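Since the structure comes first, as structure tokens, the remarks are kept for the end.
The values are calculated or read from the model by the stated rules, or taken from the named source; none is laboratory data. The shown structure was predicted, so the numbers you read here are calculated from the model rather than taken from an experiment. A quick note on method: Cβ atoms are made from the backbone with ideal geometry, for glycine too, and the neighbour counts reach across all protein chains shown.
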Amino acid sequence: MTYVEYKMLNPFQKFAYKLKKFILAIPHALATFFKAIGRFFAKLFLGIGRGFKNYGVTFVKGDWATKLSYIIFGVGDFSKGKYYKGIIYLLVEVFYILYMIFFGWTYLSKFGTLGTVETHREYVGIIPKTVYGDNSMLILLYSVLSIVITVIVFAIYIYNIKDAYKHQQMKAEGKKPTSFIADVKDFLDGKYHITLLSLPTLLIGIFNILPLIFMILIAFTNYDKSHLPPGTLFTWIGLDNFSDLLNVVDGARKATTFMELTKWTLLWAVVATFSNYILGMIFALMINKKGIKFKAFWRTLFVITIAVPQFVSLLLMNQMLQQNGAINVLLGMFLGENPNIQFLNSTTLMARMTVIIVNCWVGIPYTILSMSGILMNIPEDLYESARIDGAGPVKTFTKITLPYMIFVTTPQLITQFVGNINNFNVIYLLTGGGPKTEEFYQAGRTDILVTWLFNLTMNQQDYGLAAAIGILVFIVCATISLIVYNNSKSMKDEEAFS
Amino acid sequence: MIKSYKFRRHLANGLIYLFLTVMGIIWISPFVYLVMHSFRGEGLIAVPYLIPKEWTLQNYIDLFTGAGGNAALSFPRWFMNTFIVACFSCIISTVSVLMVSYAFSRLRFKARKKFMNIGMILGMFPGFMTMIAIYYLLKAMGLTQTLVALVICYSCGAGLGFQISKGFFDTIPRALDEAATIDGATKNQIFWKIILPMSKPIVVYTVLTSFIGPWTDFILAKIIMGDKRENYTVAIGLQLMTTNDFMNRYYKQFLAGSVVVAVPITVLFLLMQRYYVEGVTAGGVKG
């Protein structure tokens, strides 16, 4: 369709055309996404192949010190006079070997089975004595730790070889290795990123990545109430947890629960995100309208509710929504008698509506806050030239304000959508998942996937199942945000302002 | 014609004022209710009327002197715990967020894009999916049920929240860096002497959010502290007061405690609102 043809359509046709275009674009976006993943792996394997090649070539070309670096870390650096680096490399190797002998290997060797000796009772004569067997949980945890350390040490090993070869070449060219002080100085300038990033990366590695790998592995085990270390062992069960969740057959409570909760989670995320977005935008537009006085006052009035900790406002709301709470009392003042409405634990619809409305109360101030900032940033000359061209208030709104806001806030919208899928506080503190039902496996009518996950881990100790849910939630969130993020303007045009 | 236009504008503005007033009342009234009833003298939990009949400071006095009877529920102690944790995690988080976002915004190195993507992907896992593993990790270090564990939990992942301040740094003109480099400044000097002094809003924003974090977080603290009540933070402490076991006796103290927690945060927030808005929008524009 040409531009002229498009312009001749009526608004409804235009909308239909755009909708069609959007829907048709989804397969393409997905294809790009998977292509990107494919490219990533292709690159990875190519890189590994190249690495092996370099590994061999360097060995053939290397002198005695470089060759010895293949077994003993740091010899190359040491022989060329770079003592401090050589010592660091050597210490890494010594540490790694000691770690593996005295600690790592005992756990890593049992990684395949996660332990075989159960905790049992033995009789010494007639006195019973508990003999602790393998602890599957610790085996898994320390195995992951050992694998991560191995990968890091391997990277250092490769780097050590490269370094040795580099110094060999430098010597051949007659250059001297850089001094210790020059190296330190370089860390404040040319290699400043290493100085800045190494500590945060280390912390994130230990407290985010390591636990994450551990939990991803847990999803493939039967770690639950009846397989609970140190008393009993758990072991690998492949994809059973996932098939429990996804295989809907009659009477499969876990799968039905998962289906129903997924539906509600998505519905909740859509409604919660857009209700906050649209209503928040309306509020912000009203406050920032020309001719409205005390703008700062109105803004502060709403925004101040952000400052009250969410758990306080939600626990308070929970109390106020009870049968004899403040809301019912207030309604009673108008109706003449207390209507005793059970907002949170009577019907599904009532509870869900209440959650969404309370979420508006919690969330709209955030939207007002960011929207006000953006509204104030719209260049005034845009409006001026529109006025000169004879555009009325409606036209300036639909042609300038709205497109600008939508353009700027799209990334925020996505973040909020993902945030709402993971919005634990509102559901947990307000309804606790209720109203309860027997149809679901350990979940209530307003539980979303993450609160169910929480419940399964904290109260039911169904760790395997919970980890599987976590992975599925992640896949949904990651797909959505990667597609949008990679297509968003801010990613493509990162240096627009600099 | 002009008159009717003016009239219409006044009418529209009047309706907006009315709407904002009504909505403002709806938004604020739960907190007014909270403050009023924290001074309530009579009754235990809920009362069938909105305005208290008997006004007293007793709830606040009980809260701070622990006169409620149960020695394990010590609000002053929880308050101090939270304050300590908030201070330490605020310092560590701010430093690491600024370091990471400066590196990603200003320095160009090989794996930059890869690192940023990994950071984004890590942020998409449900936050407490990893908590069991973290719990056992801390246990292996012998740190569970301590305040150190909380500081670690709040601040170690902070580097992942670099997006907003990176967005802010991106808006500072690169020409400044280049000029400084020509004058012989190292990257380190540029960071301290040029970028940081220009980034007051985002520094304040980062300090503020990371300081408020421990006051409002609920889940992580609950998992780590378990039943060790003397190491609770205010959030889990106050939630404990609303559980069935303590509700009857402590409900009014819970209200008073909520006010005590909310007031300083609100004041901080109002003082720094300008920076907050600047920080959010400057970073937000770039996504």
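Annotations
- Some residue of region A:123-136 being within 14 Å of chain B (Cβ to nearest Cβ), assigned to a helix (DSSP H, G or I) and touching a residue at least 12 places away in the same chain (Cβ under 8 Å): yes
- Here B:V203 meets the list (1) of a type outside the set (S, T, N, Q); (2) more than 25 Å from A:L413 (Cα to Cα); (3) modelled with pLDDT of 85 or more; (4) under 20 Å from the mean Cα position of the chain (by Cα) almost entirely, failing just condition (2).
- Single residue of A:T348, A:T367 found to be in contact with a Pro (Cβ under 7 Å, 6 or more places away or on another chain), in contact (Cβ under 8 Å) with a residue 40 or more places away in the chain and either more than 17 Å from B:S29 (Cα to Cα) or among the polar types (S, T, N, Q) (or both): A:T348
- Number of positions in region B:136-147 that are part of a helix (DSSP H, G or I) and in contact (Cβ under 8 Å) with a residue 24 or more places away in the chain: 2
- Per the conditions (1) under 27 Å from the mean Cα position of the chain (by Cα); (2) more than 30 Å from B:I219 (Cα to Cα), the sole criterion not satisfied by A:A284 is (1).
- The residues of region A:432-486 that are of a type in the set (K, R) and either in a loop (DSSP other than H, G, I, E, B) or modelled with pLDDT of 85 or more (or both) amount to a single one, A:R445.
- Number of the exception - A:Y277 against (1) more than 7 Å from chain B (Cβ to nearest Cβ); (2) at positive phi: (2)
- Any hit, region A:211-219, residues being without any contact (Cβ under 8 Å) to a residue 24 or more places away in the chain, surrounded by 18 or more Cβ atoms within 10 Å (Cβ to Cβ) and within 14 Å of another protein chain (Cβ to nearest Cβ): yes
- Residue that is surrounded by the most Cβ atoms within 10 Å (Cβ to Cβ), among those in region B:36-63 that are more than 14 Å from chain A (Cβ to nearest Cβ) and of a type in the set (S, T, N, Q): B:N59
- In this structure, A:W268 does not qualify as of a type in the set (A, V, I, L, M, F, W, C), buried (at least 21 other Cβ atoms within 10 Å of the Cβ), part of a helix (DSSP H, G or I) and over 27 Å from the mean Cα position of the chain (by Cα).
- Restricting attention to region A:291-303, the residues being in contact (Cβ under 8 Å) with a residue 24 or more places away in the chain and either of a type in the set (A, V, I, L, M) or at the interface with another protein chain (Cβ under 7 Å from one of its Cβ atoms) (or both) number 2.
- Scanning region B:153-192 for residues that are free of Cβ contacts under 8 Å to residues at least 12 places away in the same chain and more than 7 Å from every other protein chain (Cβ to nearest Cβ) turns up B:A175, B:E178, B:A179, B:T181, B:I182, B:D183, B:G184, B:A185, B:Q189, B:W192.
- Among the residues making up region A:153-171, a single one is small (G, A, S) and crowded, with 16+ Cβ neighbours inside 10 Å: A:A164.
- Taken over region A:51-82, the criterion of being loosely packed, with under 12 Cβ neighbours inside 10 Å and over 11 Å from A:A164 (Cα atoms) is satisfied by A:G51, A:F52, A:K53, A:G56, A:V57, A:V60, A:I71.
- Identification of helices (runs of 4 or more DSSP H) wholly contained in region A:319-407 with 1 or more residues that are within 14 Å of chain B (Cβ to nearest Cβ) yields A:326-335, A:348-377, A:393-396.
- Taken over region A:104-139, the criterion of being aliphatic (A, V, I, L, M) and either more than 19 Å from A:K225 (Cα to Cα) or touching a helix residue (DSSP H, G or I) at 6+ places or on another chain (Cβ under 6 Å) (or both) is satisfied by A:L108, A:L114, A:V124, A:I126, A:I127, A:V131, A:I139.
- Residue check, B:L150 in a helix (DSSP H, G or I), hydrophobic (A, V, I, L, M, F, W, C), in contact (Cβ under 8 Å) with a residue 24 or more places away in the chain and more than 9 Å from chain A (Cβ to nearest Cβ): yes
- Identity of the residue in region B:126-147, in contact with a Gly (Cβ under 7 Å, 6 or more places away or on another chain) and at the interface with chain A (Cβ under 9 Å from one of its Cβ atoms), that ends up surrounded by the most Cβ atoms within 10 Å (Cβ to Cβ): B:M129
- Filtered residues of region B:244-256 (kept if part of a helix (DSSP H, G or I) and surrounded by fewer than 19 Cβ atoms within 10 Å (Cβ to Cβ)): B:M247, B:N248, B:R249
- Answer residue from region A:311-350, given it is hydroxyl-bearing (S, T, Y) and more than 23 Å from B:T242 (Cα to Cα) and is farthest from the chain's Cα centre (by Cα) among those: A:T347
- Members of region A:137-174 found to be of a type in the set (F, W, Y) and under 27 Å from the mean Cα position of the chain (by Cα), listed by number: A:Y142
- Residue ID - farthest from the other protein chains (Cβ to nearest Cβ), chosen from residues in region A:430-444 that are surrounded by fewer than 22 Cβ atoms within 10 Å (Cβ to Cβ) and touching a helix residue (DSSP H, G or I) at 6+ places or on another chain (Cβ under 8 Å): A:E439
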